[in-house]
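Asker: Take a look at the following structure, please.
The values are calculated or read from the model by the stated rules, or taken from the named source; none is laboratory data. Keep in mind that what you see is a predicted model, and the values were worked out from it rather than measured. Cβ placement follows ideal geometry from the backbone for every residue including glycine, while neighbour counts extend to all protein chains displayed.
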Amino acid sequence: MNEFIWEFTADRIRKLAMKGFRIDRRPLLKYRPISIETGIIYNADGSAIVNLGGTKVVAGVKFELGQPYPDTPDKGALLVDAEILPHSSPAVEPGPPDEDAIELARIIDRSIRESKAVDLTKLVIREGELVYLLFVDLRVLDNNGNIIDASSLAAAAALASAQIPKVEDDQIVRHEYERALELNEIPLYTTFAKIGKLIMVDPRIEEEHAMDARMSIATVDDGHVTAIQKGGNGSFTKGEIEFMIEEAIKKGRDLRKVVKEAVEDGRKN
């Protein structure tokens, strides 16, 4: 879609927002349809694909062995990587991960790390010498808007379905597992877009081009906020932020049910 068409569409969205409507007639606080499937990558230790209203993200989890960081000899390591593939959007060009992909990886990493979803002390084989390195790789296949929430769901489902591989003679035995990866929390983002005076959840790609500002809020089961990421040049009032936090807590609980159901279905199959 060229710039003229984007701006024409964005102008239409802003005019609809002034009347209290969205371009797809969704209620302001309703997500698009969500589907999650786990166990889709044979060679991964955990994997999932998420379809959020046409935005598709694949997450793969893999364990490797390595030395712990010098300042945390009693902990394993968590590393999150993201790539927005060129075919996901006409705006993405081939080449190394761009700044949007780097930001996406940091956003997802922050929500997992700050929530202490993974107890890294349980990834130690020999303290100070050998630990598991936990890699979470995200690939955006289709971008129809809100890749943060879609990536958050994919990462959570992949981690929740992951298995820790066996180790023999300081080598990982592929496709043989010691135990399931235990998660203390399932951190999930809820993303809001502000267009004019309207606050809406789960923006489509067209709404992202029209929005004044974006706020992504990660929450966990007990209602705590573990991470916040703002985007766009616009601003939010204190009241708007408080409203979004309350809604993110509610939406997070609903989204966690979807993740847990998908993981259970994957185990049955």
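Asker: Looking at residue 223, is it without any contact (Cβ under 8 Å) to a residue 40 or more places away in the chain and touching a strand residue (DSSP E or B) at 6+ places or on another chain (Cβ under 6 Å)?
Answerer: Spelling it out, it is not the case that residue 223 is without any contact (Cβ under 8 Å) to a residue 40 or more places away in the chain and touching a strand residue (DSSP E or B) at 6+ places or on another chain (Cβ under 6 Å).
Asker: From (1) within 20 Å of the chain's Cα centre (by Cα); (2) part of a helix (DSSP H, G or I), pick out the condition that doesn't hold for residue 228.
Answerer: Unmet for residue 228, out of (1) within 20 Å of the chain's Cα centre (by Cα); (2) part of a helix (DSSP H, G or I): (2).
Asker: To continue, here is another question. For region 84-95, state whether one or more residues are modelled with pLDDT of 95 or more and either part of a loop (DSSP other than H, G, I, E, B) or in contact with a strand residue (DSSP E or B) (Cβ under 6 Å, 6 or more places away or on another chain) (or both).
Answerer: Step one: filter region 84-95 for residues modelled with pLDDT of 95 or more, giving none.
No, that holds for no residue.
Asker: Please give the strands (runs of 3 or more DSSP E) falling wholly within region 1-74 in which 3 or more residues are surrounded by fewer than 20 Cβ atoms within 10 Å (Cβ to Cβ).
Answerer: Per the criteria, 34-38, 55-66.
Asker: Among the residues of region 236-269 satisfying the criterion of being modelled with pLDDT of 95 or more and in a loop (DSSP other than H, G, I, E, B), which is nearest to residue 37 (Cα to Cα)?
Answerer: So the residue we want is 236.
Asker: Cβ contacts < 6 Å: first residue within 16 Å of residue 22 (Cβ to Cβ), restricted to region 182-197; second residue of a type in the set (S, T, N, Q), any location; separation 6+ or different chain. Result?
Answerer: 191/146; 191/216
Asker: Within region 14-39, which residues are aliphatic (A, V, I, L, M) and within 20 Å of residue 248 (Cβ to Cβ)?
Answerer: Correct list: 28, 29, 34, 36.
Asker: Continuing with the same structure: Can you pull out every residue in region 222-247 that is among the acidic types (Asp, Glu) and surrounded by 15 or more Cβ atoms within 10 Å (Cβ to Cβ)?
Answerer: Once the filter is applied, which keeps residues that are among the acidic types (Asp, Glu) and surrounded by 15 or more Cβ atoms within 10 Å (Cβ to Cβ), region 222-247 yields 240, 247.
Asker: Please give the number of the condition residue 55 fails out of (1) over 27 Å from residue 200 (Cβ atoms); (2) of a type outside the set (A, V, I, L, M, F, W, C); (3) under 13 Å from the mean Cα position of the chain (by Cα).
Answerer: Of the numbered conditions (1) over 27 Å from residue 200 (Cβ atoms); (2) of a type outside the set (A, V, I, L, M, F, W, C); (3) under 13 Å from the mean Cα position of the chain (by Cα), the odd one out for residue 55 is (1).
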